[in-house]
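Read the structure below first, then the notes.
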Amino acid sequence: MKQVVVHPERCVGCMQCQVACAVAHSEAKQLVPAQFESPRPRPRIHVGAGPYNEGFPNRCRHCDPAPCLLACLPGAITRVAETATVMINVDTCINCASCAMACPFGVIRYHEDRSAQAGKTVAVKCDNCLARQREDGIPACVEACLSAALTFETLDAAYKRQTDAVARSVSAVAAAEALAPGWALLNAHKKARLELLTSPAPSDEKRAAGNAREDTHVRHD
Amino acid sequence: MQYVIIGNGIAGVNAAEAIRRMDPNGRIVMIGDEAFPPYCRPMISMVLEGSVPLAKLPIRQASFYDDCKIEPILGNRVTELDVDAGRVDVNGKHVAYDKLLIASGADPRPIRAEGLELGNIVYMRTEAHVRRMLDALDGGARRALVLGGGLVGFKAAYGLMCRGLAVTMLIRSGYPLSMQVDAFAGGMILDTLTAHGLDVRVDIAAEVFEGKDTVEAARLSDGSRLDCDLVVIGKGVLPALDFVPRDRIEVDLGLVVDPFLQTSAPNVFAAGDAAESIDVARQARWVNAIWPEAAAQGKVAGINMAGRTVPYERSLSRNVIRIFDLDVMTAGVVDPQVITGAEVITRFDPATRHYRQLVFQEDRLVGMTLVNAIEQGGVLMALIQNRIPVAGRRERLLAPGFNYRALA
Ligand SMILES: Cc1cc2nc3c(=O)[nH]c(=O)nc-3n(C[C@H](O)[C@H](O)[C@H](O)COP(=O)(O)OP(=O)(O)OC[C@H]3O[C@@H](n4cnc5c(N)ncnc54)[C@H](O)[C@@H]3O)c2cc1C
């Protein structure tokens, strides 16, 4: 069984996955008409920023065991073993936000959704695009991701790649597999820019601190 | 192997399911006072407010006991526990155990007043209680008096306001939910409730209830008299441990358990509202009488009873409440006075009415109170529950939605 694997180091923060996700969960399944639907389709994947301002695609991890499932008051959250997907039953959901408190990744949102009764606010999160998968499609976020930060593969394949990378890193002769030059350059640039802003020369400390914008002020150590 | 579970609340139900998964053949006897199918206790407040029908309360099928091959003994309480003989008594019968789980939950803390035998004076703990309240509403109740501003009193008041009743609430602290939220958030909640018509009176008790068959008025400790045709008592809960021999099992407020949810008596476990374990934020023994704790503890207790040793070291007080246009989420320490060396940071944005208080102890986050923008509160909760050191600038965690960058 294939699952969505996230590779944050490759994310360029373009947010195309968010758009694709919202469209995939719309009635029309097309960008332009989707924008005029009510309730307005919203993404279930959220691109945030990682430690060096690199993109970070944040989506439901479909945990097993899932903390949201155990915390759900009305028992609206279940795990579908065949697809390794944690699902919310919108008819049973009572919008109590117990799952918001339980989710360590902060991926659940609360709003109206096409799948629920009109006017009812429900908990909404990634459903692994099961509807698309049933029609031999792949999750919309993966399809939209041009930088391969989101891939759809079996966990065995993903683990093997990771294990190979570890093996290479402990071997003196084999060089680590380089991230394609584009990402490496982009990440190096972001990291360098942040370090410039946040580690002022001792004599210059006051001025630099004044210049550094609050939200880019990250590391002191 | 003979397992006996006292209590068919969420702790007992989750324990039974965990045992059954690990031990397909063991005998499981479940003794419960309530004969209603296993249901979601917090949701009785939503039934009261009218947002959830009574029929949606059960969280398991009526066939739950058969499906899990459980022998239920329902409708009576265990009256005695003999830890030497390894048996409990219910309805005059002995039931022997190899492993016993005490998941008897809690009962409403009783109050002292005259006239408590009158009709339409109810506690709020069970589906039977909420049905009595709905009957009172059907009978035309218009003016309610709610005693207590804790979680249950507060939910009763909110539910009755949603039903259009005039509600007076008597509380001890200056604002409701004083155990759950800090003073600022408490003020926001109080303002919202009073703006919707709640009459709140501080530091006043009800002393006498008057009426013919059902309650008609209450005399209060300030000498005043208040007309009311429904009274809800929500003065907290106490672990339901009448049958527990206190000279044989260590009991503080709740049954004291070790990280494996075992009590001081051999083969006796406890979970849920009846149990007292180490609270991660306070680093002290505490009864966290909340649903997600009871659910998790029950599951882990069941796994341990079935023979696999799994520790549970994540007990944490927490809650999330939505009322009118306010969303409130809290966890861990809300009153910085209760721990040493607390550092507190707060942010309030009057335009969006977003409020956050974060309490740190050394490099750990130990408490949070969030009002509105609660969607990602679980990330903060995970920091508290897993005792993750917070390295970056703490103020970043005050932003309404935040990025993982904030944790670096
Ligand atoms: C109105 C209300 C609102 C709440 N809201 C929230 C909320 O928003 N969030 C939250 O986290 N928590 C909330 N709670 C608390 C939550 O319901 C409890 O923490 C949870 O139900 C505890 O589960 P339990 O299985 O430990 O005990 P219980 O649910 O109390 O179950 C124990 C069962 O054992 C039975 N029993 C007791 N003694 C005996 C005996 N001697 N023999 C046999 N049976 C016995 C009892 O009758 C009961 O059926 C709320 C509670 C109430 C009443």
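Counting only C-alpha contacts under 8 Å and six or more residues apart, can you give the relative contact order of chain A as a whole percent?
23 percent.
All other residues with a Cβ under 13 Å from the Cβ of A:V12 taken together, and with Lys, Arg as +1 and Asp, Glu as -1, what is their net charge?
That sum, taken over residues with Cβ under 13 Å, equals 0.
Taking Cβ-Cβ under 4.7 Å as the only way to count a partner, pick out the unpartnered cysteines of chain A.
A:C11, A:C14, A:C21, A:C63, A:C72, A:C93, A:C96, A:C103, A:C129, A:C145
In whole angstrom, how long is each semi-axis of the equivalent ellipsoid of the protein assembly as shown, when you take the square root of 5 times every eigenvalue of its Cα gyration tensor and sort them from largest down?
45, 31, 26
With contacts defined as alpha carbon pairs under 8 Å and 6 or more residues apart, what's the relative contact order of chain B in percent?
Computed value for chain B: 15 percent relative contact order.
For chain A, with a Gaussian network of springs between Cα atoms less than 10 Å apart, report the residue from A:L196, A:L73, A:L130 with the top mean-square fluctuation.
Highest fluctuation among the options: A:L196.
Average partner chain C-beta neighbours within 10 Å, per residue of B:56-66?
1
Would you work out which of A:Q16, B:P311, B:Q357 lies farthest towards the positive end of the dipole of the protein assembly as shown, given +1 charges on the beta-carbon of Lys and Arg and -1 on that of Asp and Glu, about the Cα centre?
Positive-most Cα among the choices belongs to A:Q16.
Other chains' Cβ within 10 Å of A:66-72 residues: what's the mean?
Mean number of neighbouring Cβ atoms from other chains: 4.
Find the centroid of the Cα atoms in segment B:332-408 and in segment B:239-306, then give the distance between the two in whole Å.
28
Given the rule -39500 (n - 2.57) for each run of at least 4 DSSP H residues, summed and divided by the residues of the protein assembly as shown, what is its mean residue ellipticity at 222 nm, to the nearest 500 deg cm²/dmol?
After summing the helix terms and dividing by the residues of the protein assembly as shown, the value is -7000 deg cm²/dmol.
How big is the dipole moment of the protein assembly as shown about its Cα centre under a simple scheme where the beta carbon of each Lys and Arg is +1, that of each Asp and Glu is -1, and everything else is neutral? Debye, nearest 20, please.
Once rounded to the nearest 20, the dipole reads 1480 debye.
Taking the Cα centre as origin and putting +1 on Lys and Arg beta-carbons and -1 on Asp and Glu beta-carbons, what dipole magnitude results for chain B, to the nearest 20 debye?
980
Mind listing the long-range amide H neighbours of A:G48? Cut-off is under 5 Å, sequence gap 5 or more, other chains count too, H placed in the peptide plane at 1.01 Å from N.
Long-range HN contacts for A:G48: A:F56, A:N58.
Ranked by Cβ crowding within 10 angstrom, fewest neighbours first, how are A:C72, B:C68 ordered?
Ordered from fewest to most neighbouring Cβ atoms within 10 Å, A:C72, B:C68 come out as B:C68, A:C72.
Other chains' Cβ within 10 Å of A:90-101 residues: what's the mean?
6
Going highest first, how would you order B:352-365, B:109-122 by mean Cβ packing within 10 Å?
Per-residue Cβ counts within 10 Å, averaged per peptide and sorted highest first, yield B:352-365, B:109-122.
Excluding B:L255 itself, what net charge comes from residues whose Cβ is under 13 Å from its Cβ, given Lys and Arg +1 and Asp and Glu -1?
Result for the local shell: -3.
Just B:T346, B:T194, B:T214 to compare: in a GNM of chain B, with alpha carbon springs under 10 Å, which one fluctuates most?
Residue with maximal mean-square fluctuation among B:T346, B:T194, B:T214: B:T194.
Post the alpha-carbon centroid distance, segment B:97-171 to segment B:172-210, in whole angstrom.
Using only Cα atoms to place each centre, the spacing works out to 16 Å.
Magnitude of the Cβ-charge dipole of segment B:121-233, K/R +1 and D/E -1, about the Cα centre, nearest 20 debye?
160
Can you give the net charge of the other residues whose Cβ lies under 10 Å from the Cβ of A:V107, counting K and R as +1 and D and E as -1?
+4
Would you mind calculating the relative contact order of segment B:325-407 from Cα pairs under 8 angstrom and at least 6 residues apart, reporting the percent as a whole number?
Relative contact order for segment B:325-407 comes out at 28 percent.
Say the dipole of the protein assembly as shown comes from +1 at the beta carbon of Lys and Arg and -1 at that of Asp and Glu; which of B:L160, B:N372, B:P37 then lies farthest toward its positive end?
Going by the Cα projections, it comes out as B:N372.
Any read-out appearing in this document is the output of simple, stated calculations on the displayed coordinates, not a laboratory observation. Quantities reported herein were computed from a predicted structural model and do not represent experimental measurements. Cβ sites come from the backbone with ideal geometry, for glycine too, and all protein chains shown count toward neighbours.
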